[in-house]
1. Distance from a point 7 Å along Cα→Cβ of Lys98 to each backbone N in region 180-194: keep the residues under 18 Å and list them by number.
2. Round to the nearest 10 and give me the degree value, 0 to 90, for the angle of helix 402-418's Cα axis relative to the longest principal axis of the chain.
3. Work out how much length Ser140 to Glu24 would gain on full extension: take 0.36 nm times their residue separation and subtract the Cα-Cα distance, in nm to one decimal.
4. Taking the full set of protein chains and a 1.4 angstrom probe, give the accessible area of Lys245 in square angstrom, rounded to the nearest 10.
5. Give the separation of the Cα centroids, region 301-348 to region 26-43, in Å.
6. Give the lysines whose C-alpha is closer than 17 Å to that of Lys38, dropping any in the same chain fewer than 8 places away, or say none.
7. Using a 1.4 angstrom probe on heavy atoms only, work out the carbon and sulfur share of the accessible area of the chain in %.
8. What percent do you get for the relative contact order of the chain when only Cα pairs under 8 Å and 6+ apart count?
Amino acid sequence: MLNPVTDALLTALRAELPAETFREITASYLEEPRGRSKGQAGCILAPQCVEEVSFIVKTCNDAQVGIVPYGGGTGLVGGQIASDGPAPVVLSLERMRKIRAVLPEENLMIVEAGVILQDIQEAAAEVDRLFPLSLASQGSCRIGGNLATNAGGVNVLRYGNTRDLCLGLEAVLPDGTIWNGLSRLRKDNTGYDLRNLMIGAEGSLGVITAASLRLFPQPQQQGTALMVVDGPAQALTLLSLALAKTGGGVSAFELMHRNGQAFLAETMPDVRLPFADIPEWMVLIDLGLGQGASPQSLLEDIFAEALEQELVTDGLIASSEAQRAEFWAVRETIPAANKRIGSISSHDISIPLGRIADFIPECTAAMEGLGNVRVNCFGHLGDGNLHFNVFPAKGQSRDAYDSIRDTVKTTVHDMVHQFGGSFSAEHGVGRLKVGELQRYGDPGKLLAMRAIKQALDPKGIMNPGAVLPS
């Protein structure tokens, strides 16, 4: 059983930590972006170095008090807030914002966990390198949270998830031990891979405090196009064509449904829509190529061949950086428009590529059978990650659909499971999807996860209730 934060614990913490470590308990630390739940805190601590993190974790472990690691607060599955149980210590990494080293000759950067993702991107660009992780929340999310949730984003097709962009970690284990694993090596076969154990664990096995990150050469030529397709099946064939034509130079391949743009027109009219008549389906293709290559010509060739194969019916190729930014703005503002509409239930799913064309219409029909709803399906088609979100009919509030919300979620996730997919592609499990992991998870995997948790965190202090039940 965990204990609440007591006066004795606070006294012990204040005796060793600087006064600026202690933060006022405000709503900003206790709310998740979708407003579905609120958390609690016995105190909020913002250490400035790994030694202070170690002291906090050891002190809490001795007192058997829960710790909730907190990054940028942008997580969508409740991993950063605890609503139940004794009020925990919320451990914010916001003051650990040092970029410790930038080594362009090694294509490497070492950063602390509290560094904002956009700051990492900009630091890489200053030395003519690319850190390719790109998310809608990159102006406020922090790299520690990105690693803890193994975040995805728009460039996974070419560069992989956050896991693939990390060479090593520094972390504090549940007993306060500091693990110094900030490797600069690409190859290191020396036992268990603790790095990959911590990445994606959502703070349930320890606190990530720093990371060594992979950098890449900046693409010398970039190009972007929007192409109208009849449906997901044609989009997938177009993806294969684009990959073959570019030799793997496709950085992003995003699928968008007309409802996403209709929501933009309804809630964000300042966003310029590319087509006067909103198409049912379209894809955004982004290329990153080397010196001498012409993305414009390649995109023209892809469009011409796709038109001949009846894969596309219309298209636009960006002729300037300004137009390229306009095309991307359409995709990147869809989540903001979704939030303004207010979803009944949102789903971050992945489906095998070969089954996506069947899944989308079947699941959409199942949703429409539950009530008068609108489905906005969009996302990273190149890696099979879809955001399949269900919204009220126009003019209706999501509160009017509360009676079917759980049924909507269960129906979608049941169908995802039947199609061999995952109920969590890039957002993690957090607290909101613990039940789904128990329902759909492989028994052998769950057994191993519980054994690892018990071995590393026998008192259960690390992010209690996240990923696995308390």
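The values are calculated or read from the model by the stated rules, or taken from the named source; none is laboratory data. Only a predicted model underlies this, so the values are computations on that prediction, with no experimental measurement involved. Here the Cβ is made from the backbone with ideal geometry for all residues, glycine too, and neighbour counts use every protein chain on show. Just the protein is used for accessible areas: all its heavy atoms, side chains included, with ligands, DNA and RNA removed. Shrake-Rupley method; radii C 1.70, N 1.55, O 1.52, S 1.80 Å.
1. In region 180-194, the label zone of Lys98 (backbone N under 18 Å from the point 7 Å along Cα→Cβ) covers 180-184.
2. 80 degrees
3. Details: separation 116, 0.36 × 116 = 41.76 nm, distance 1.97 nm.
39.8 nm is the gain from fully extending Ser140 to Glu24.
4. Answer for Lys245: close to 80 Å² accessible.
5. 33 Å
6. Lys433
7. Reported share for carbon and sulfur atoms: 49 percent.
8. Details: 962 pairs, mean separation 75.6, N = 470.
Over the chain, the number comes to 16 percent.
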